[in-house]
Amino acid sequence: LSLEERLASYVVEGSKEGLIPDLNEALKKSSPLQIINGPLMEGMSEVGRLFNNNELIVAEVLQSAEVMKASVAYLEPFMEKNESSVKGKIMLATVKGDVHDIGKNLVEIILANNGYHIVNLGIKVPPEQIIEAYRREQPDAIGLSGLLVKSAQQMVLTAQDLKTAGISVPIMVGGAALTRKFTRTRIRPEYEGMVLYAKDAMDGLDLANKLSD
Ligand code: B1M
């Protein structure tokens, strides 16, 4: 197997045996983000496909998630950091009913490495908790993540509750089940402030930078 194929297969197999030496090898020619967005994400897509076809069970997907998390944690110190000044405070949450957090945590790492102070509220965060944390933390923006189809709908409800609570800071939304169109037609009309769709973590950084400019 090529290096790229081996990296993808650690995620698919849920195995860390040989992972670190291969990540070191990959770092010689690629940046941490290229490794994550390339072979590791390819492995995750394959996991999603196999899971969808009932060829993997949840316990196996969890092991794949562990490998992805361990890889991201290992690569994180090698990422470019640009911490010259604090550009703003962003609160992140995976919405109510959803446990997926690898994407959100990647967004956290990338924003934190680029000058943002991040308050990560974790997973399955109901709107009440987001509102309470908003009042305490006074962030410049709120980032919502969700991967399930029902999470897209949950974002609509969350936006409604935030609006009712009188909150209007920009909201950034992302996650696999979401589209730009859904964001524009379903979430945006329910909210007073800006609602921005980020297709991936780098897009999230670009949007945050535009907001802070
Ligand atoms: Co689940 N899961 N899962 N899962 N899981 C999906 C999402 C699914 C598509 C798999 C499939 O069937 N093909 C499917 C959803 C189906 C649907 O709703 N249409 C699914 C399902 C069904 C489920 C369960 C219901 C399974 C069950 O129990 N029967 C269950 C749900 C539990 C719940 O949430 N209540 C479940 C559980 C799990 C595990 C716990 C086993 C594990 C998660 C572990 C964890 O996160 N700690 C897991 C995993 C790993 C996946 C897949 C395979 C991979 C997700 C992932 O981590 N990707 C996923 C299939 C897939 O996506 N291909 C799947 C890597 C990550 C870096 O990408 O999160 O997309 P992602 O983030 C991207 C962008 O989306 C974006 O940036 C990131 C990249 O740069 N982004 C943002 C994300 N959030 C953002 C926020 C932003 C900006 C950008 O700003 C705020």
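The values are calculated or read from the model by the stated rules, or taken from the named source; none is laboratory data. Keep in mind it's a predicted model, so treat the numbers as computed, not measured. Please note: Cβ atoms are built from the backbone with ideal geometry, for glycine as well, and neighbour counts cover all protein chains shown. All accessible areas refer to the heavy atoms of the entire protein, side chains included, with ligands and DNA or RNA removed. Shrake-Rupley method; radii C 1.70, N 1.55, O 1.52, S 1.80 Å.
Things worth noting here:
- Across the chain, the volume of the C-alpha convex hull divided among the residues equals 119 Å³ per residue.
- On the beta carbon distance between Glu60 and Lys150, with R0 = 25 Å, the FRET formula returns roughly 0.65.
- Cα gyration tensor shape of segment 154-213, rounded if a/c is under 1.5, else prolate or oblate by comparing a/b with b/c: oblate
- Between segment 19-70 and segment 138-189, the C-alpha centres lie 27 angstrom from each other.
- A Cβ-based charge dipole, computed about the Cα centre of the chain with Lys and Arg at +1 and Asp and Glu at -1, lands at about 740 debye.
- For the listed residue pairs Lys89/Lys181; Lys28/Lys150; Lys104/Lys163; Lys16/Lys199; Lys16/Lys87, the alpha carbons are over 31 angstrom apart in Lys28/Lys150; Lys16/Lys87.
- The chain, helix-only ellipticity at 222 nm - DSSP H runs n ≥ 4, -39,500 (n - 2.57), divided by all residues, nearest 500: -15000 deg cm²/dmol
- Listed peptides 43-51, 153-161, 128-136 by packing density, highest first (mean Cβ within 10 Å): 153-161, 43-51, 128-136
- Debye-sum result for segment 30-106 in log10 I(q)/I(0), which assumes one identical scatterer on each alpha carbon, at q = 0.20 Å⁻¹: -1.02
- If R0 equals 41 Å, the separation of the Cβ atoms of Phe51 and Ser84 corresponds to a calculated FRET efficiency of about 0.50.
- Of the accessible area of segment 77-170, computed with a 1.4 Å probe over protein heavy atoms only, carbon and sulfur atoms account for 52 percent.
- Shape call, segment 96-144: gyration tensor on alpha carbons, a/c limit 1.5: oblate
- Principal-axis tilt of helix 201-212 within the chain, Cα atoms, nearest 10 degrees: 30
- Most mobile of Ser64, Ser15, Ser145 in a GNM of the chain (Cα contacts under 10 Å): Ser15
- Between the residues Phe182, Ser85, Pro39, the greatest Cα displacement towards the positive end of the dipole of the chain, with unit charges on the Cβ of Lys, Arg, Asp and Glu, is found for Phe182.
- Three-way shape call for segment 80-196 based on the alpha-carbon gyration tensor, with the a/c threshold at 1.5: prolate
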